[in-house]
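Right, one structure below, let's go through it.
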Amino acid sequence: MVTLCSQNNFFRDTVMGAYTAESKVTSKVTERQNPVLVHITRGGIVESLHRGRYIIVDSAGNVREQVGDCDTPTYPRSSSKIFQALPMVLSNAHKTYNLTDAEIAITCASHRGEVAHVTTVTRMLHKARLSVDDLECGTHAPTHRASADAIIRNGHAFSPVHNNCSGKHAGMLLYAKNMGWDTKGYIHPEHPVQQSIRKQLGDICRYNMDTTASDRDGCSVPTWALPLKNLAYGFACVADPHATLPPAVADAVDTLTHAVSQHPFMVAGTDQCCTDVMGILGKKAFVKGGAEAVYLAALPECGIGIAIKIDDGSARAVRVVLLRILETVGVLSAQDKQKLHRHYQTPITNWNGYTVGSVTPVF
């Protein structure tokens, strides 16, 4: 690993967040390119490569490892779903509606629309006397091909419950109903559901949300841009909540991470990196990916948070970077690595099944 910053505490003297108007320019090109983290090989030569950045921060705010630009605000996209689920748990909506651990876990999910995912979200909504029609996440086919094909064969239509974010949205609806707020329009930035999420995100990541860029995510709720270093710190707090967060917030984090550790399938699904990593590591890791190649990880045994971004948005690259870092910090054993072979140094095969190359970390 290339260490650009070691044991630097960027929270010691000030709350991070303010940045200049110049740094908010969307297309600003940094003078220094981020390093190459991943090679795509074929026939023994490098065919393509992926640049990126990552940072490891502990719960005291110390930077353990930093590679590349971790100061520029970055949209965490779906990697921040635990923060979006947090206000629902803090409101005790999970107790009001008697949610199971599986139902709590799916509020942190980017699921594939498999039968278990759809059934779980539908059951949550029914518990609060809500329906699929109340979801405002939009409709797309399940990303799990077999599930999508089965719906088509049976002559049924896709609905918002098949959206990969429907679990998160169900949690937001239950939160709104539990608080007595209007459930219509819960996706809009001015709605108290989104304002509560915004506040929790800023508080936990120690970031001034008044200065940051935001826009709608793919599922139409707001996504806010934060530097990787603040996102990593937020996940360090997830890793060690009782050392860093108010007791009620720490307990809510525990509720969410426990549920996910019991039901990692709910967070992603069949053959997905998040589910496979947490299914193998259990409570040793909470990991969550997001669109455009962002990954966040909390490692309780180490008390650290990790934030990763691949510059070109490549999902194939960010997974191998995550697993390489987990291996380097000692969380991923050789046996675990073997179990995750489909995600680590991913083989590239052609249509006849010949292995012709690999997706390989180079740090």
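Computed from the coordinates by the stated procedures, all read-outs in this text should not be read as laboratory data. What you see is a predicted model; the values in this text were computed from it and never measured. As a convention, Cβ positions derive from the backbone with ideal geometry for all residues, glycine included, and neighbour counts pool all protein chains shown.
The table below gives the values:
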read-out: Principal axis dimensions, largest first and in whole angstrom, of the range 64-139 by Cα; value: 47, 28, 20
read-out: 5 Å-binned pair-distance histogram of the range 236-322 (Cα, whole percent); value: 3, 15, 23, 24, 19, 11, 4, 1
read-out: Calculated P(r) of the range 109-228 - Cα pairs past 25 Å, %; value: 30
read-out: Label-point separation, GLN33 to ASN92 (7 Å along Cα→Cβ), nm; value: 5.6
read-out: Among the listed pairs LYS127/LYS199; LYS199/LYS283; LYS199/LYS288, those beyond 25 Å (Cα-Cα); value: LYS127/LYS199; LYS199/LYS283
read-out: Under the Debye formula (equal points on every Cα, no solvent term), log10 I(q)/I(0) of the range 174-244 at q = 0.14, 0.15, 0.19, 0.27 Å⁻¹; value: -0.50, -0.57, -0.84, -1.16
read-out: R0 of 45 Å, Cβ-Cβ distance HIS258-ILE348: FRET efficiency to nearest 0.05; value: 0.75
read-out: Convex hull volume per residue in cubic angstrom - Cα atoms of the range 159-317; value: 130
read-out: Tensor-based shape of the range 264-309 (alpha-carbon gyration tensor, a/c under 1.5 rounded, otherwise prolate or oblate); value: oblate
read-out: Ordering of 355-363, 161-169, 53-61 by burial proxy (mean other Cβ atoms within 10 Å per residue, highest first); value: 161-169, 53-61, 355-363
read-out: Using distinct alpha-carbon pairs, which all enter the 1/r mean, Kirkwood radius of the chain in Å; value: 20.8
read-out: Whole-Å semi-axes of the ellipsoid equivalent to the range 319-363 (Cα gyration tensor, √5λ, descending); value: 23, 11, 6
read-out: Value of relative contact order over the chain, rounded to a whole percent, pairs C-alpha under 8 Å and six or more apart; value: 23
read-out: The chain: calculated mean residue ellipticity at 222 nm from DSSP helix runs of at least 4, using -39500 (n - 2.57); value: -10500 deg cm²/dmol
read-out: Förster radius 30 Å - calculated FRET efficiency between THR100 and ARG153, Cβ distance, rounded to 0.05; value: 0.50
